Each structure stands twice: as C-alpha cells, then as structure tokens.
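J.: Input: one structure, supplied below.
The values are calculated or read from the model by the stated rules, or taken from the named source; none is laboratory data. These numbers were taken from a predicted model, which means no experiment stands behind them. Here the Cβ positions follow ideal geometry from the backbone for every residue, glycine too, while neighbour counts run over all protein chains shown. Heavy atoms of the whole protein, side chains included, go into the accessibility calculation; ligands, DNA and RNA do not. Shrake-Rupley method; radii C 1.70, N 1.55, O 1.52, S 1.80 Å.
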Amino acid sequence: MTKLILSERAARIGIAPNAAAKARAQALAQSGRTVVDLTSGEPDFDTPASIKQAAIAALAAGDTKYTAPAGTLDLRNAISEKLARENGLAYPPQQIIASNGGKHVIYNAFAATLRTGDEVIVPAPFWQSFPAMVSSNDGTPVLLAGLREDGYKLTPARLEAAITPRTRWLILNTPSNPSGAVYDANELAELASVLRRYPHVWVLLDEIYEHIRFDDGSREHLLTLAPDLADRTLIVNGGSKPFAMTGWRIGYGAGPAELIGAMTIVQSQSTSAPSSIGQAALAAALRGDQRFVRESVAAYRERRDLLLDALRDIDGLHYIAPQGAFFAFVDCSALIGSTTVSGSRILSDVDFVEYLLYEHGLAVVDGTSFGVPHHIRLSIVAGRDEIVEGARRLAAAVAALVRNGAAENTLDTPVTEAA
Ligand SMILES: Cc1ncc(COP(=O)(O)O)c(C=O)c1O
C-alpha cells in the first residue's frame, strides 16, 4: 500500500482529548457496558424552536446561496447590535467576521497572523484546541501553569515573565474551559496594565461561555476597562454555548478591520463562508428573546450544585467551584499512588481516568490533556440523571481505592511541556 505522508501541520496535532475520551466511552457502551459519559462540552438541550423557525424561514425565502466571505451583512449587523447592547462596545460590520464556529474564528486568526516560531501564550489549564491550533499554524504555544491557589487564573506577574519579543498573542478564555474560572474586573484591569507595556502582544479574548455564569460578579468587559487595547484584541464568541447550537457551526469574531480583513481572505480561500442558513439562525438568536439563555443557565447551575454537593463528600478530591462554563475541574492528586481492587497502581490522572472508565463505567477527561496533571474534568451540562449517577460511580470508585502511600495533595500543579 502506498504510504500516506502527512503534512507537517497535520503531523503536529492529534485528535482532541475529549473526542478521544468520548470515542472510548462509546466503544465500551457498544460492547454492552453501561457508561455514564461526563466528557461532553455540549448542552443536552435542543436549539430553541424560535431559532429553528428562523432557519426554516431562511430556507423558504431562498437564502441558499453563498454569502459574503465574512458573513451576511444582516448577521454582522445583529452581532454589532449584540456587542453594543450587551457589552457597550462599538463594532461596525466591517470589523466582524462570521465563521464555522468560534473554533474556526480562532483558526482563521492564527492562520492569518502567525509566522514560524511566533509565540502564543496559552494559560493552563487550557482548552486543548488552543495549543493545537497554534502549532498547526506554525506557532509555538507557551503554556503557563495556573495554580489552584490562584483559582487557575493567569496572574499579571506570570504573564509579564512569559512575554518575549516573539510573543504575538495572549489567549484569555473567560469563563474558562476547563476550570470554570472567571476573571473579575480587577484581574482584567491588572492584566491590561501589563499588556500596555508590550504593544506588540495581541489578545485573543475567547468569550464563548460569556453567558454561562453562576456568580454575581462583575460583567465588565476587558475593552470597556481598557479601551486602548481594542486595536489589538480579537473577541471570539458564537451561538454554540448560549443557544445550544453546537451542530450549526456558527461563531463570530470582532476586532480591528485589518485583522478581520486578513481572516476573511483566509476564510474565503478555505470554506468561502459559513452556512447561509446557520447565519440566519444566529442572527435570529441574537436579536430574539433571551429567555432560553437564562433558563438553561439556571438548569446548568442546578446541575453544577448537584455535582459539587456529591464531590464535597468524596475524600481525596478537591475543587474550586466553577463560576462559569460547562465543567468542574477536580484535583485528584491525593489519589495518585493508590491501588485498585484488581491490584493496579494509579500513577497519574490518565490512569485514574482509565480506572473510572473500565472499572466503574464513568467517562471523564484527564487534566493532563488540559496542561494540568493530577486533575479530571467533568461535564456539568450532561443530563441531571447522568450527573447523579456519575457522581455515585465516582464516589464508589474512590472509596474502592487502597491509599498505600498516596501522594500528598499538592497545590502546585505543574504544567505539561509545549503541545
Ligand atoms: C474555550 C472554547 N472556545 C471555543 C470553543 C468553540 O466552540 P464552537 O466552535 O462550537 O463555537 C469551545 C468549544 O468547546 C471552547 O470550549
């Protein structure tokens, strides 16, 4: 057989760890085991009917053609209105691009701007696609450990120490996947003060979980606190998380016109534009009644509390309550070194995740995949029953471990090497 030779960019990346964990869970379920799947970053709600209706209306009206490469003017106007109404930010449609998901916005940004060896600061724990997208676009991810004692957040001192003349971007994801951390107004202002000293560093502000908040803290936007950073900031957002539109693949970016123009060229030569029907649906979602967002967040909060209540009683697991996003990020370092009933030793979070899956039928993702070993990530947006059963299995699995010389729980969470 002819050997397939991968491109350098493809050789640098692998399948997303949550997708791999989900595939393992599905394979086990197909073999007849019951598996509780808490790997997913996807709401179990359906897209609201009013949004589906807008898509049907678009089809009926013949909105079935290629759109402008940056997206329809109607959608970009709806995004511009959203940014003004909800965030107090002025972005005309020329400074906005719609793409096939927020992920594609980020990919376009790196494809348009990174040169070989350019550095991108990625605070850990991180959404694994961040370093993968940097690497596949010839950049070098600079992974910065977030400590549990800092709420897994990037501190101004760590940011400043990581900036070099080659730094092109800082990625800030708030609320964060996987930690659920939210940067408050003070923390954002302090990071902005550092960034002001380094005008060559751009900010990729991923706000895809903007509305998924469980705290009453400040909602002030980085760019209303530091408007001077607007000429080097790309805001990333989309329909997937707030409107349960993950399968529609529509996200958007807002930033300086020159950057949006460069990203539009990249997009025009790869996907031409996102789907015309999905764009009509997102425009309706942004302009429509926001009740679904409020109600779904209330449901996620209840599920988060259900999971946290159960975790609180499990000796050996430690967490900081997520303030937003779809996950609980749980420190399992106290369990490393323990032994399972079948006699195998848990030497890492990866071992612990395997043990949970194969011996207790619970699928979660290891912290190593997010740059912070000795942790696991659990979904709080799975169905209520799955969360209750998942927590029960987790408690049973931990209780069955023999703690022979288990490592002390450590607050110092080392980061993995560059992906
Ligand atoms: C932190 C973060 N950013 C961006 C995305 C991209 O979402 P989408 O491409 O569905 O808009 C995700 C999805 O899981 C995410 O977790």
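J.: Give region 13-51 a look and list any residue that's of a type in the set (A, V, I, L, M, F, W, C) and more than 23 Å from Y209 (Cα to Cα), or say none.
T.: I13, A23, A25, A27, L28, A29, V35, V36 - these are the residues of region 13-51 that are of a type in the set (A, V, I, L, M, F, W, C) and more than 23 Å from Y209 (Cα to Cα).
J.: Additional query: Scan region 26-37 and give yes if some residue there is open to solvent by less than 50 Å² (accessible area, probe 1.4 Å), small (G, A, S) and farther than 30 Å from T233 by Cβ, otherwise no. It would help to see each step written out before you state the result.
T.: Filtering region 26-37 for residues open to solvent by less than 50 Å² (accessible area, probe 1.4 Å) gives 28-29, 35-37.
Checking the rest, the ones that are also small (G, A, S) come to 29.
Still in the list and also farther than 30 Å from T233 by Cβ: 29.
Scanning region 26-37, I find at least one residue that is open to solvent by less than 50 Å² (accessible area, probe 1.4 Å), small (G, A, S) and farther than 30 Å from T233 by Cβ, so the answer is yes.
J.: Still on this structure, please answer the following. Quick check on region 182-241: of everything there that is within 16 Å of the ligand (Cβ to nearest atom) and of a type in the set (D, E), which residue is surrounded by the most Cβ atoms within 10 Å (Cβ to Cβ)?
T.: Checking each candidate, the answer is D206.
J.: Could you run through region 256-274 and say how many residues are out of contact with any Asp or Glu (no Cβ under 9 Å at 6 or more places or on another chain) and open to solvent by less than 50 Å² (accessible area, probe 1.4 Å)?
T.: Total satisfying the criteria: 12.
J.: Also, quick follow-up: If we keep just the residues of region 333-365 that are touching an Asp or Glu at 6+ places or on another chain (Cβ under 6 Å) and surrounded by 23 or more Cβ atoms within 10 Å (Cβ to Cβ), which is farthest from G390 (Cα to Cα)?
T.: D349
J.: Could you say which residue among A132, A162 is among the aliphatic types (A, V, I, L, M), open to solvent by 10 Å² or more (accessible area, probe 1.4 Å) and either more than 16 Å from the ligand (Cβ to nearest atom) or under 23 Å from R196 (Cα atoms) (or both)? Spell out how you get there, then give the answer.
T.: Values: A132 fails: either more than 16 Å from the ligand (Cβ to nearest atom) or under 23 Å from R196 (Cα atoms) (or both).
Exactly one of A132, A162 is among the aliphatic types (A, V, I, L, M), open to solvent by 10 Å² or more (accessible area, probe 1.4 Å) and either more than 16 Å from the ligand (Cβ to nearest atom) or under 23 Å from R196 (Cα atoms) (or both), namely A162.
J.: Looking at region 283-303 only, could you name the residues that are open to solvent by 30 Å² or more (accessible area, probe 1.4 Å) and part of a helix (DSSP H, G or I)?
T.: A284, R287, R291, F292, R294, E295, A298, R301, E302
J.: Restricting the search to region 59-79, which residues are in contact (Cβ under 8 Å) with a residue 60 or more places away in the chain, hydrophobic (A, V, I, L, M, F, W, C) and surrounded by fewer than 21 Cβ atoms within 10 Å (Cβ to Cβ)?
T.: L59, A68
J.: Could you give every pair whose Cβ atoms fall below 7 Å, whose first residue belongs to region 1-27 and is farther than 19 Å from M133 by Cβ, and whose second residue is hydroxyl-bearing (S, T, Y), counting only separations of at least 6 or pairs across chains?
T.: Every condition considered, the pairs that remain are A21/T39; K22/T39; K22/S40; A25/T39.
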